[in-house]
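Q: Take a look at the following structure, please.
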Amino acid sequence: MRADRATIERLVKTARGQLDGVLRMVEEDRYCMDIANQLAATEAILHRAKREVMKAHLDGCVCEAFENGNASERSKKLDEILKLLDKCCE
């Protein structure tokens, strides 16, 4: 992974903590909109972590493939990005 490990770890651990909080809220039968807001906040953190990983991949692996790789390697890297984008947009 080319993304800053400490940053990604911090973001994922924060999201995990928020999910633990959401579970407590569900167990306590808290107001549905409060739960939905916390879920949205968790999604935002995970989105930020994913963006950091993808940016590092584009800056590193993909650029490398275009600078040094053959057409097959470039195509493979682009296909990886497109598949991930397809998952994100479903």
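Q: If the viscosity is 0.692 mPa s and the temperature 37 °C, what Stokes-Einstein diffusion coefficient in µm²/s follows for segment 40-90 when Rh is the Kirkwood radius over Cα pairs? Provide the component values of the computation, followed by the final result.
A: On the way: Rh = 11.9 Å.
The diffusion coefficient I find is 275 µm²/s.
Q: Highest GNM mean-square fluctuation, the chain, Cα pairs closer than 10 Å: which of ALA71, ALA15, ALA56?
A: Fluctuation is largest for ALA71.
Q: Translational D (Stokes-Einstein, µm²/s) of the chain at 20 °C and 1.002 mPa s when Rh comes from the Kirkwood sum over C-alpha pairs? Walk me through the intermediate numbers first.
A: Details: Rh = 15.2 Å.
Translational diffusion coefficient: 141 µm²/s.
Q: Expressed in whole Å with the largest first, what are the equivalent ellipsoid semi-axes of segment 1-45 derived from the C-alpha gyration tensor as the square root of 5 times each eigenvalue?
A: Working: eigenvalues 135, 19, 5 Å².
With the √(5λ) rule applied to segment 1-45, the semi-axes are 26, 10, 5 Å.
Q: Rounded to the nearest 20 debye, what is the charge dipole size of the chain about its Cα centre when +1 sits on each Lys and Arg Cβ and -1 on each Asp and Glu Cβ?
A: Numbers: 16 positive and 17 negative charges, 46 e Å.
The dipole of the chain has a size of about 220 debye.
Q: Still on this structure: Count charges around ARG24 for me, please; just the other residues with Cβ under 15 Å from its Cβ, Lys/Arg as +1, Asp/Glu as -1. Mind showing how you got there, number by number?
A: Values: positive: ARG16, ARG30; negative: ASP20, GLU27, GLU28, ASP29, ASP34.
Around ARG24, the surrounding residues sum to -3.
Q: Given the rule -39500 (n - 2.57) for each run of at least 4 DSSP H residues, summed and divided by the residues of the chain, what is its mean residue ellipticity at 222 nm, to the nearest 500 deg cm²/dmol?
A: On the way: 4 runs with 73 residues, N = 90.
That calculation yields -27500 deg cm²/dmol at 222 nm.
Q: Right, something else. Applying the Karplus parametrisation 6.51 cos²θ - 1.76 cosθ + 1.60 with θ = phi - 60° to the phi angles of segment 6-23, what ³J(HN,Hα) value in whole Hz is obtained for each residue in order, glycine and proline being reported as x?
A: 4, 5, 5, 4, 4, 5, 5, 5, 5, 4, 4, x, 5, 5, 4, x, 5, 4
Q: Given LYS13/LYS50; LYS55/LYS77; LYS50/LYS83; LYS13/LYS77; LYS50/LYS76, which pairs have Cα atoms separated by over 18 Å? If you can, show how the numbers build up before the last one.
A: Values: LYS13/LYS50 13 Å; LYS55/LYS77 13 Å; LYS50/LYS83 14 Å; LYS13/LYS77 28 Å; LYS50/LYS76 20 Å.
The pairs that break the limit, which is 18 Å between Cα atoms, are LYS13/LYS77; LYS50/LYS76.
Any read-out appearing in this document is the output of simple, stated calculations on the displayed coordinates, not a laboratory observation. Computed from a prediction, not measured in an experiment: that's the story for all the values here. With ideal geometry, Cβ positions are generated from the backbone for all residues, glycine too; neighbour counts draw on all protein chains shown.
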